[in-house]
1. Looking at region B:82-99 only, could you name the residues that are within 8 Å of chain A (Cβ to nearest Cβ), polar (S, T, N, Q) and under 11 Å from B:T152 (Cβ atoms)?
2. Go through region A:34-51 and report how many residues are polar (S, T, N, Q) and surrounded by 24 or more Cβ atoms within 10 Å (Cβ to Cβ).
3. Please work out which one of (1) of a type in the set (G, A, S); (2) at the interface with chain A (Cβ under 8 Å from one of its Cβ atoms); (3) within 21 Å of the chain's Cα centre (by Cα); (4) surrounded by fewer than 22 Cβ atoms within 10 Å (Cβ to Cβ) is the condition B:G138 fails and give its number.
4. Going through region A:160-169 one residue at a time, which ones are more than 7 Å from chain B (Cβ to nearest Cβ) and open to solvent by 10 Å² or more (accessible area, probe 1.4 Å)?
5. Look at A:R219 and say whether it is surrounded by 14 or more Cβ atoms within 10 Å (Cβ to Cβ), out of contact with any Cys (no Cβ under 6 Å at 6 or more places or on another chain) and among the basic types (K, R).
6. Output the helices (runs of 4 or more DSSP H) that fall wholly within region B:87-129 and possess 3 or more residues being at pLDDT 85 or above and within 23 Å of the chain's Cα centre (by Cα), or say none.
7. Going by what's in this entry, would B:L51 be described as under 30 Å from B:V20 (Cα atoms), surrounded by 14 or more Cβ atoms within 10 Å (Cβ to Cβ), at the interface with chain A (Cβ under 9 Å from one of its Cβ atoms) and modelled with pLDDT of 80 or more?
8. Being open to solvent by less than 10 Å² (accessible area, probe 1.4 Å), among the hydrophobic types (A, V, I, L, M, F, W, C) and closer than 30 Å to A:T113 by Cβ is the filter here, so list the residues in region A:10-33 that pass it.
Amino acid sequence: MNVIGEMLSYPFLVRALVGGVLVSLCASLLGVSLVLKRYSMIGDGLSHVSFGALSLAIAFGWQPLQVSIPVVVIAAFFLLRITENGKIKSDAAIAVISASALAIGIIITSLTTGMTTDVSSYMFGSILAMSRADVILSAILSVIVLFLFVFFYHKVFAVTFDENFARATGVKVSWYHILFAVLTAVTIVLGMRMMGAMLISSLIIFPALTSMRLFKSFRGVMIAAGVVSVVCFCIGMVISYEASTPAGASVVVVNLAVFLLCTGLQWVRGR
Amino acid sequence: MKPLIECVEAGFGYENVDVVTEVTMEVLPGDYIGVVGENGAGKSTLIKGLLGLLKPTSGAITIAEELKKTGIGYLPQQTAAQKDFPATVWEVVLSGTLSRAGYRPFYSREEKKLAEVNMGRLGIEDLKYKCYRDLSGGQKQRVLIARALCATEKLLILDEPITGLDPSAAQEFYQVVKHLNRDQGVAILMVSHDIQNMVRQAGKILHLNQKVLFYGTVEQYRNSSVGRRFLGGEDT
């Protein structure tokens with residue numbers, strides 16, 4: 001308990017904790033749908049696009065969020081579109097886009113500012129990255145995400161489980177895709193500054209996978225994913241503070257540990 | 001009898017490519033129509049058109065008012081994503097009543113009742129809290145039919161429902177569908193490759209190959225040249 005009190009006495013850590021908890025919650029809820037719809041790689045692709053956009057913004061001295069949010073939202077649309085059309089193999093398309101964005105980002109960086117601490121913190125995350133504005137934006141984002149998942153829960157379920165049936169019963173499926181694309185994009189842009197472009201997709205994927213090991217109902221999986229994500233984030237932050245390990249990486253390792261634990265549990269139960 | 005769906009010279013397709021054209025057909029209450037044809041004949045495209053997911057590129061399609069309100073009971077081809085989907089049978093069946101709920105975020109008592117009734121009709125009450133991914137292929141299909149019946153009891157559209165079922169599960173599935181059609185008056189439109197069973201089960205056959213090659217009763221189909229060729233009759 002002492003440790004937590006100590007952590008809360010630093011304003012930057014309070015911001016990181018509040019912002020991080022909100023972003024992990026959003027990421028995990030959106031993640032359940034994305035993972036079940038086989039879109040998990042989209043998170044990874046978007047974070048790399050976001051990195052490219054951020055390097056561009058730094059190089060030109062623009063506001064990072066104002067550049068990267070629109071760019072990533074557009075990329076999210078685009079990625080969802082190709083996944084739907086199925087013209088190009090979507091996993092290959094995502095890999096191509098994410099590698100290209102990363103490469104462009106790295107070239108822009110090395111030609112202009114060089115590898116500054118800013119750029120490195122976008123790669124691997126920094127606990128100092130959460131500004132007041134970020135925290136406020138995370139709060140707005142999580143209100144929207146929670147509203148969507150509480151009031152449109154059944155539609156989210158229908159769209160995730162069976163798009164064609166949902167469409168035939170008159171659900172505006174494409175609206176949900178657009179909404180998911182925008183929310184995922186904003187979540188990733190906000191989360192990657194703390195977690196790092198390389199690690200943010202784990203916030204989307206791990207909680208969903210972990211809770212799918214434990215629960216048999218969609219509602220159970222949703223709630224568990226939110227809880228697992230927030231708890232793992234907090235434990236990760238404490239470990240990071242105590243052992244002076246990078247915050248993003250610590251959170252991912254805690255997520256991995258919980259996932260392995262739950263996989264073990266499932267295996268024991270299944271025998 | 002007023003038709004549930006009526007197509008007059010209708011064509012459906014994607015982006016300037018017409019996949020099926022000149023479809024004239026109707027689905028009457030209580031019909032059992034088998035849609036057959038080779039791969040790429042436009043069966044799935046026609047289904048999308050009937051469901052209102054594709055606008056006709058030519059001709060006209062009229063859907064009865066009662067179906068417009070609730071949507072059509074639809075059993076899509078299974079997707080890979082559903083194989084390991086964590087959802088209880090109850091959650092899946094209940095989602096069929098979605099169009100009745102409108103913008104209300106929670107299901108009402110009537111909707112829950114409806115879901116229960118339809119689970120009873122398909123004999124899956126005891127699976128209520130089972131996980132969808134743990135069910136057998138035949139059980140999954142029953143769950144999806146119950147869900148479709150929650151949307152409407154007038155018409156069920158089934159897109160290759162027996163794909164992936166073993167022969168005995170497929171026979172059982174045909175029994176369930178026949179029972180719904182004969183005893184409960186649900187009109188059925190089923191796309192299938194299983195032509196032998198189709199002529200045994202259905203009342204009418206719609207044979208597609210970009211156009212309608214045949215549309216009429218099963219008896220007429222057996223005696224038509226298209227039907228004889230497709231069924232592998234003696235004069236091939």
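The values are calculated or read from the model by the stated rules, or taken from the named source; none is laboratory data. Being a predicted model, the structure only gives us computed values, none of them experimental. Because the Cβ atoms are built from the backbone with ideal geometry, glycine has one as well, and the counts that use them run over all protein chains shown. Side chains included, ligands, DNA and RNA excluded: accessible areas come from the protein's heavy atoms. Shrake-Rupley method; radii C 1.70, N 1.55, O 1.52, S 1.80 Å.
1. Result: B:S99, single match.
2. Going through region A:34-51 one residue at a time, the tally reaches 2.
3. (2)
4. Within region A:160-169, A:E163 is the sole residue that qualifies.
5. On the way: surrounded by 14 or more Cβ atoms within 10 Å (Cβ to Cβ): yes; out of contact with any Cys (no Cβ under 6 Å at 6 or more places or on another chain): yes; among the basic types (K, R): yes.
Taking the combined requirement at face value, the residue satisfies it.
6. B:89-94, B:109-121
7. yes
8. Once the filter is applied, which keeps residues that are open to solvent by less than 10 Å² (accessible area, probe 1.4 Å), among the hydrophobic types (A, V, I, L, M, F, W, C) and closer than 30 Å to A:T113 by Cβ, region A:10-33 yields A:L13, A:A16, A:V23, A:A27.
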